[in-house]
Every structure is written in C-alpha cells, then in structure tokens.
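Asks: My structure is below; once you've seen it, I'll send some questions.
The values are calculated or read from the model by the stated rules, or taken from the named source; none is laboratory data. Keep in mind that what you see is a predicted model, and the values were worked out from it rather than measured. All Cβ positions, glycine included, derive from the backbone under ideal geometry; neighbour counts span all protein chains shown. SASA here: full protein model, heavy atoms, side chains in, ligands and nucleic acids out. Shrake-Rupley method; radii C 1.70, N 1.55, O 1.52, S 1.80 Å.
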Amino acid sequence: MNLHTLFALDAVMSLAAGIVLLAFAREGQRPPAPAGSAVRHALGALRLALTGRVTLIVFGVFGLAYFAQQIANPFLPLLVIRLIGGTAGAAGQIGIVFGASALLGAILSPFAGVAGDRYGFRPVLAAACVLAAASLGALALAPNLVWVTVAAVCLGAATATAISMVFALLATAVPEERRATTLNLVLLPIYFSSVAGAVVGALLVRDGLNTVLWTGAAISLVAALLTTRLPAVERAAPR
C-alpha cells in the first residue's frame, strides 16, 4: 500500500460517512429564522461569547494548548526519521507510532471525565497542559521509537483530556444565557491556533526540531498557568 492508496481509502471512508448522515440522520423541526442579516447575528454571537471573563480565559487556555501542539505536530514524523536514520521504511513506522498513540489516547480519554468529576475540571485541565508539556519535552529527548510512542500516547491523552475539560468548563461555568452561543464557538481557538501554529513551527524548525518541541512545551506550561485565573467550579455531588 502506498500513499495514493491511503488517500483513496480516506476518500472512500469520508464519502461513506456522508452517505450514512444523509441516509440515517434526522433533524428536528427548525425554529423560525431570526430577523436581521446573518452577518449581524454572527457578530452578535461573537460579542456575546467573547465578553465573558470565564469564556475568554477558557478560550485562551484552549488556544494556547492547541497552539503548542500545532507548532509541534507537523514535525513529529521527523522524529521517527531522525531515530531510524533515514526515510527507508519510515512511512510504516510513522503510521504505527502515531496511529497507536492516537488510538490509545482515545481509549484513555473517557477517564478524563471521571477525573474531572472527582477532582474538578480546572485542576484536570491544568494537569493535561502540564502532561502535554512533559510529553513534548520527552519527545525532544527520545532515544528510541518506544520512547517516542509512549510520549506520543501521553500527548494524545493530554489533548483529549484538555478538550473534554474545556467543554465541561464552558457547560458548567458560563451563564445559561451565553452558554449555547459560547459552545457554538468553542472551535474558534482551534482555527486560529492551527494557522498560527503551522506558521510559527515552520519558522522555528530552521533552528532544529528540538527548538520546536521545547517551544511547544513552554507554551503548554503557560496554558497551565492561565488555568489558575479560572474560577473554581463546584463538582456534581456523587450519586
């Protein structure tokens, strides 16, 4: 299997997902469209979501955490190439290492919700940012593929945990009148961080791959520090 086959398989799976949605997803009755232009409503939604203190801090943490990872993520396959000493067989090794890390990270992510309920969403979000920083630092120091795989699994788990805690914080700490609008815009930090992270990473990699990874680790720590500005959120009482 080569890259052309891989992309063709991705295309078929994406098409299948779209067909499943069209065939089986059923939407409820839509409410009447509000009066006014779409641009005015979009600007109003942004104003409503971004004028709340909690929302700004959560979006800041989320944006920094994702920015740190987007600085590093495009260059992680180069770690595998660096360790195996060439590109021969690198594609398979890259797929195994980062495929396994993504799978295990997804498996571990449900435990984030349990930890958030037990210890609080804010501490778990801070811990996820610290884990991401430690994982990026470990990747910079990795002596072999096993080390890279373990660090990548930890990074994947940290990412999944951070996303879960962001949604939990917004769902519990944002006032009800702002909540729906805020949750609709929760991916906004990802859009900006994806573009900015790729650009900054491309500039930093000129000084070496480790510069990219250590910079990402430092930004993740800044995100962890920013969580201390969040108000404490009461945990749900155990049933």
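Asks: Give the angle, between 0 and 90 degrees and rounded to the nearest 10, that separates the Cα long axis of helix 121-141 from the longest principal axis of the Cα atoms of the chain.
Replies: Helix 121-141 and the main axis of the chain meet at about 20 degrees.
Asks: Expressed as a whole number of Å, what is the distance separating the alpha-carbon centroids of the stretch 165-200 and the stretch 92-119?
Replies: Cα centres, the stretch 92-119 to the stretch 165-200: 21 Å.
Asks: Given Cβ point charges of +1 (Lys, Arg) and -1 (Asp, Glu) and nothing else, what value in debye, to the nearest 20, does the dipole of the chain about its Cα centre take?
Replies: Taking the Cα centre of the chain as origin, the dipole is about 460 debye.
Asks: Same structure again: Considering the values (i) -0.33, -0.41, -0.81; (ii) -0.28, -0.35, -0.76; (iii) -0.38, -0.47, -0.93, which represents log10 I(q)/I(0) by the Debye sum over Cα atoms at q = 0.08, 0.09, 0.13 Å⁻¹ as calculated for the structure under consideration?
Replies: (iii)
Asks: Another question about this same structure. Could the peptides 133-146, 158-171 be put in order, highest first, of the mean number of other beta-carbon atoms found within 10 Å of their residues?
Replies: 158-171, 133-146
Asks: What number, rounded to the nearest 500 deg cm²/dmol, is the helix-based mean residue ellipticity at 222 nm of the chain, given -39500 (n - 2.57) per DSSP H run of at least four residues and division by all its residues?
Replies: Counting only the DSSP helices, I get -26000 deg cm²/dmol.
Asks: Note down the relative contact order for the chain as a percent, whole number, built from C-alpha pairs under 8 angstrom at least six residues apart.
Replies: Result for the chain is 35 percent.
Asks: Right, next: Based on the mean of other beta carbon atoms within 10 Å per residue, what is the order of 5-17, 65-77, 104-116, most packed first?
Replies: 65-77, 104-116, 5-17
Asks: Run the 1.4 Å probe and let me know the accessible area of I96, rounded to the nearest 10 Å².
Replies: Its accessible surface works out to 120 Å², give or take rounding.
Asks: For the stretch 64-116, just say rounded, prolate or oblate: build the C-alpha gyration tensor, square-root its eigenvalues into a ≥ b ≥ c, call rounded for a/c under 1.5, and beyond that prolate if a/b exceeds b/c, oblate if not.
Replies: oblate
Asks: By how many degrees, between 0 and 90 and to the nearest 10, does the Cα long axis of helix 188-204 differ from the longest principal axis of the chain?
Replies: With rounding to tens, the tilt is 30 degrees.
Asks: Expressed as an acute angle from 0 to 90° and rounded to the nearest 10, what is the orientation of the C-alpha long axis of helix 209-226 relative to the principal long axis of the chain?
Replies: The answer is roughly 30 degrees.
Asks: Report, to one decimal in Å, the Kirkwood hydrodynamic radius for the stretch 140-239 based on all distinct Cα pairs.
Replies: For the stretch 140-239, the Kirkwood estimate is 16.3 Å.
Asks: Say the dipole of the chain comes from +1 at the beta carbon of Lys and Arg and -1 at that of Asp and Glu; which of I107, N73, G120 then lies farthest toward its positive end?
Replies: Checked the options; the winner is G120.
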